[in-house]
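A short worksheet on the structure shown next.
The values are calculated or read from the model by the stated rules, or taken from the named source; none is laboratory data. Because the structure is a prediction, the values reported are computed rather than measured. Heads up, the Cβs are rebuilt from the backbone with ideal geometry, glycines too, and the neighbour counts pull from every protein chain shown. SASA here: full protein model, heavy atoms, side chains in, ligands and nucleic acids out. Shrake-Rupley method; radii C 1.70, N 1.55, O 1.52, S 1.80 Å.
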Amino acid sequence: MAHSPRPDPAMIGGVVRPSFARLPQPETLFKERAHRFRTLAAEHDLKPYLLFLADLCEVQHDVQTDLLPVELPAADDLSRAREFEMPPLDRSRFTPDAACEATLNGLCSCISMRALTPTADAALRTVRNADAAARRAMMESVLSDSIPVEAIAEHVFVAAALQVHFARLAGQLDVKNIVAVADGVCPICGGPPASSLIVDWQGAGGARFCACALCGTQWNYIRAKCCVCGSTKDVTYQEIEGGPGTIKAECCGECRTYVKVLHHQQDVLLDPIADDVASLGLDLLVRETGLRRGGVNPFLIGY
Ligand SMILES: [Zn+2]
Ligand SMILES: [Zn+2]
């Protein structure tokens, strides 16, 4: 399988330094993720769900062919965001527009050609029959991480469409202009990380990058520091005994949350969204200790 190119390392004082952020490449992101979901599905307890997500990611890839180009905010707004250390595509201020609507329509019609379970099919029909106002309300629930528990299945389609839309926007930004916003906050859309990666990229080996489920950006973040509250006081790690040791839960005693850490140095195929879903067993283990998930992944909300 082809992998996305490594981020451009910059020479700083004779030392190769990685860029602070790695922007998504929507033309490969979803195709690679689909492949990963399909690989993970084999012999997995969640096989039907992982195969559904593989199909959904393929559709996220395919739908882009027929979409019009997305438009970034005005240059003035982007430079103001940078000046005030605000996310340039702030999801909390984002108003779902016609381009989002077109992405959701396209995604719904592409996924309707796939074999769906009765539950997924009913959820898809709900989205397709919803009027513009109801769809925008669903988009707003996804963007504010407040998906209602009784309507998770519908929102998975809406979240998938927004991922495509935001990744297409983020992919057009200039990585050199990206600045850190705050602990636990995506520097592009202002959302929380889904999980984090210890990467093996040239010039950045062993560095940690947090991964955003919405816009697909990855950003550099100190290791052994809580990805939610930024505390370094009481950070410990848990993993499944006898497992491959490639995914650990970084647990914070201060804010009582955990975020997964995926080790690319042990397995370069780990995907921050797909492997987050497939390692649900680790969530169940850590939750027994009373901690709650700090990472936000719309494909894991029902679990
Ligand atoms: Zn983001
Ligand atoms: Zn914390």
Residues within region 177-211 that are more than 16 Å from ligand 2 (Cβ to nearest atom) and in a loop (DSSP other than H, G, I, E, B), tallied = 19
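Quick one: in region 288-299, which of the residues that are in contact (Cβ under 8 Å) with a residue 40 or more places away in the chain and open to solvent by less than 60 Å² (accessible area, probe 1.4 Å) is farthest from the chain's Cα centre (by Cα)?
Let us first name the residues in region 288-299 that are in contact (Cβ under 8 Å) with a residue 40 or more places away in the chain, namely 289, 291, 294-299.
So of that shortlist, the ones also open to solvent by less than 60 Å² (accessible area, probe 1.4 Å) come out as 291, 294-299.
On the way: L291: 21, G294: 13, G295: 9, V296: 8, N297: 6, P298: 8, F299: 10 Å.
Checking each candidate, the answer is L291.
Among residues belonging to region 223-237 that are assigned to a loop (DSSP other than H, G, I, E, B) and under 15 Å from V286 (Cβ atoms), point out the one that is nearest to ligand 2 (Cβ to nearest atom). Outline the logic, then answer.
Quick first cut of region 223-237, residues assigned to a loop (DSSP other than H, G, I, E, B) only: 223-234.
In the following step, the residues that additionally are under 15 Å from V286 (Cβ atoms) were identified as 226-228, 234.
Numbers: C226: 3, C227: 8, V228: 5, D234: 8 Å.
Within region 223-237, the match that is nearest to ligand 2 (Cβ to nearest atom) is C226.
Report yes if A133 is among the aliphatic types (A, V, I, L, M), open to solvent by 60 Å² or more (accessible area, probe 1.4 Å) and either without any contact (Cβ under 8 Å) to a residue 12 or more places away in the chain or touching a Leu at 6+ places or on another chain (Cβ under 6 Å) (or both), otherwise no. It would help to see each step written out before you state the result.
Values: among the aliphatic types (A, V, I, L, M): yes; open to solvent by 60 Å² or more (accessible area, probe 1.4 Å): yes; either without any contact (Cβ under 8 Å) to a residue 12 or more places away in the chain or touching a Leu at 6+ places or on another chain (Cβ under 6 Å) (or both): yes.
Yes: the conditions hold for A133.
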task = Taking A115 as meeting all but one of (1) in a helix (DSSP H, G or I); (2) open to solvent by 40 Å² or more (accessible area, probe 1.4 Å), write down the number of the exception.
result = (1)
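Restricting to region 256-286, what's the tally of residues that are within 16 Å of ligand 2 (Cβ to nearest atom) and surrounded by fewer than 19 Cβ atoms within 10 Å (Cβ to Cβ)? Steps first, please.
At the first step, the residues of region 256-286 found to be within 16 Å of ligand 2 (Cβ to nearest atom) are 256-261, 286.
Checking the rest, the ones that are also surrounded by fewer than 19 Cβ atoms within 10 Å (Cβ to Cβ) come to 256.
Residues in region 256-286 being within 16 Å of ligand 2 (Cβ to nearest atom) and surrounded by fewer than 19 Cβ atoms within 10 Å (Cβ to Cβ): 1 in total.
Assess whether K225 counts as being touching a His at 6+ places or on another chain (Cβ under 8 Å) and among the basic types (K, R). Steps first, please.
Details: touching a His at 6+ places or on another chain (Cβ under 8 Å): no; among the basic types (K, R): yes.
No; evaluated as a whole, the condition is false for this residue.
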inquiry  = Just checking, does region 169-182 include any residue being within 13 Å of the chain's Cα centre (by Cα) and either crowded, with 24+ Cβ neighbours inside 10 Å or of a type in the set (D, E, K, R) (or both)?
reply    = yes
request  = Would you point out the residue of region 194-213, among those that are among the hydrophobic types (A, V, I, L, M, F, W, C) and away from ligand 1 (no atom under 16 Å from the Cβ), that is most open to solvent (accessible area, probe 1.4 Å)?
outcome  = A207
ask   = Of these, E241, E288, which one is modelled with pLDDT under 95 and out of contact with any strand residue (DSSP E or B) (no Cβ under 9 Å at 6 or more places or on another chain)?
value = E241
task = Please find, among G216, G242, G253, G191, the residue that is surrounded by fewer than 22 Cβ atoms within 10 Å (Cβ to Cβ), in contact (Cβ under 8 Å) with a residue 12 or more places away in the chain and either of a type outside the set (D, E) or within 12 Å of ligand 1 (Cβ to nearest atom) (or both).
result = G253
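Picking from L162, L124, L214, which residue would you name as being part of a loop (DSSP other than H, G, I, E, B), at pLDDT 95 or above, under 21 Å from V63 (Cβ atoms) and more than 16 Å from ligand 2 (Cβ to nearest atom)? Reasoning before the result, please.
Working: L162 fails: part of a loop (DSSP other than H, G, I, E, B); L124 fails: part of a loop (DSSP other than H, G, I, E, B).
Answer to the selection: L214.
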